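In what follows, a single structure is set out as structure tokens and then discussed.
Values in this text are rule-based calculations from the coordinates and carry no lab data. The shown structure was predicted, so the numbers you read here are calculated from the model rather than taken from an experiment. So basically every Cβ, Gly included, is an ideal-geometry build from the backbone, and we count neighbours across all protein chains shown.
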Amino acid sequence: MSRILVALDVPSRDEALSLALSLRDEVGGFKVGLELLMGEGPEIITEISRLGIPIFADAKLHDIPNTVFHAIRRLGERGARWVTVHATGGVEMMRAAIDGLRQGSSGTAGVLAVTVLTSITDEDLKSQAIDRRVSAQVAHLATMAARCGVEGVVCAAPEARSVKALDLGLAIVTPGIRPAGAANHDQARVATPAMAIDAGADLIVVGRPITRAADPVAAARAINGEIEARLSAT
């Protein structure tokens, strides 16, 4: 199976479904983020999941445990395979998320804990009175999330290697993927697909390099080829 999760960061149902239909045989799943969730509502998860490919609902929930429990349960009912919560929400919130998603999906979905966003730098953490560097903060949050029982964590490629080395038994999902020569856009900590796989990513999230390519299918195939070549070399 492809390790690519395509970020459907588009404004409309029609555009999302068109991309999903064209790419479903090339990728491992689709990410439905806040733009699409807020624009079309959670029903879009159900519609895309009917294509028979896993959906990563990137809701990034962060609220009191009871609120997260009920919100994530509804996303599980809609057919999400993974749902994100912010690890900074704390232990009780993550445990509530796991319970809610288990109920909503009948045990078929898993929680992914977001560690530090790919747009955040060491200086950003300092401005929030967090003394750790990004790498240390990611390791701290991943360890805490693993103790709660999440399925995986979301972290940038520069930190994926250290999380893998912790041997926490977590799936590692890595956003901020840019093929060589592509623009970083609003991401601060990026990597090529090969670099992310080398660092220990199990799944990579790719958005604009595929969805805004002149030929999205060809772009996805090229990234799959890069990943396969890297895995063969190792």
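Computed over the chain with a Gaussian network model linking Cα atoms closer than 10 Å, the most mobile of V173, V217, V83 is V217. Highest mobility in the GNM of the chain, judged by mean-square fluctuation with C-alpha springs under 10 Å and restricted to A213, A157, A96, is found for A213. D14 to S127: FRET efficiency via 1/(1 + (r/R0)^6), r the Cβ-Cβ distance, R0 41 Å, to the nearest 0.05? Approximately 0.55, to the nearest 0.05.
Counting beta carbons within 10 Å around each of M144, M1 and listing the fewest first gives the order M1, M144. Rounded to the nearest whole Hz, the Karplus-based 3J(HN,Hα) values (6.51 cos²θ - 1.76 cosθ + 1.60, θ = phi - 60°) of the range 93-105 follow the sequence 5, 5, 5, 5, 4, 4, 5, x, 5, 4, 5, x, 9, with x at glycine and proline. Note on the chain: with a GNM built from Cα contacts shorter than 10 Å, the maximum mean-square fluctuation among A165, A57, A71 falls on A165. Mean sequence separation of contacting Cα pairs (under 8 Å, at least six apart), scaled by the length of the chain, corresponds to a relative contact order of 17 percent. Seen from V6, the other residues with C-beta closer than 11 Å to its C-beta sum to a net charge of +1, counting Lys and Arg as +1 and Asp and Glu as -1. Here L21, L51, L168 are placed in order of increasing Cβ neighbour count within 10 Å, fewest first, which gives L21, L51, L168. With 0.36 nm allotted per residue and the present C-alpha distance subtracted, the A218-R74 stretch has 48.3 nm of extension available.
A straight line joining the Cα centroids of the range 34-49 and the range 204-219 runs 20 Å.
Look at H62, H86 and count the other Cβ atoms within 10 Å of each Cβ; fewest to most, that gives H62, H86.
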